[in-house]
Amino acid sequence: MKKVIVAAALAFGAFTAMAADPIKAESVDAIKRAGGTDKAKVRDAIEATKGYVGTGGVVTMSATDHMGLDLSSFRMLEIKNGDWTIAP
């Protein structure tokens, strides 16, 4: 996995490695829960992920939702009076 992330970062920029980090963490967690790297077992473990706290929000996966984030994970921010606030 490290080789893939490094190659992507070299090809597409450093932000690639940062974007891949949460995916790597969720994958490692799923592999541990699956008890190995059997594709079907890892897929099932990923789809059974509930309440995983990641850098982009709280992830809950399913067989029909592989993104795992609901709308509460996406917020528009704005600066008011020199401070960050959640936009209405």
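Listing for the model above:
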item	result
Long-range neighbours under 9 Å by Cβ, at least six apart or interchain, first residue among the β-branched types (Val, Ile, Thr) within the range 30-42, second assigned to a loop (DSSP other than H, G, I, E, B)	Ile31/Thr37; Val42/Gly36
Candidate set from the range 54-88 (those that are of a type in the set (Ser, Thr, Tyr) and at pLDDT below 85); member that is surrounded by the most Cβ atoms within 10 Å (Cβ to Cβ)	Ser73
Helices (runs of 4 or more DSSP H) enclosed by the range 1-50 - at least 1 residues per element that are under 18 Å from the mean Cα position of the chain (by Cα) and at pLDDT 75 or above	15-34, 39-47
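The values are calculated or read from the model by the stated rules, or taken from the named source; none is laboratory data. In this text, all values refer to a predicted model and were calculated from it rather than measured experimentally. Reconstructed Cβ throughout: ideal geometry from the backbone, glycine too, with neighbour counts over all protein chains shown.
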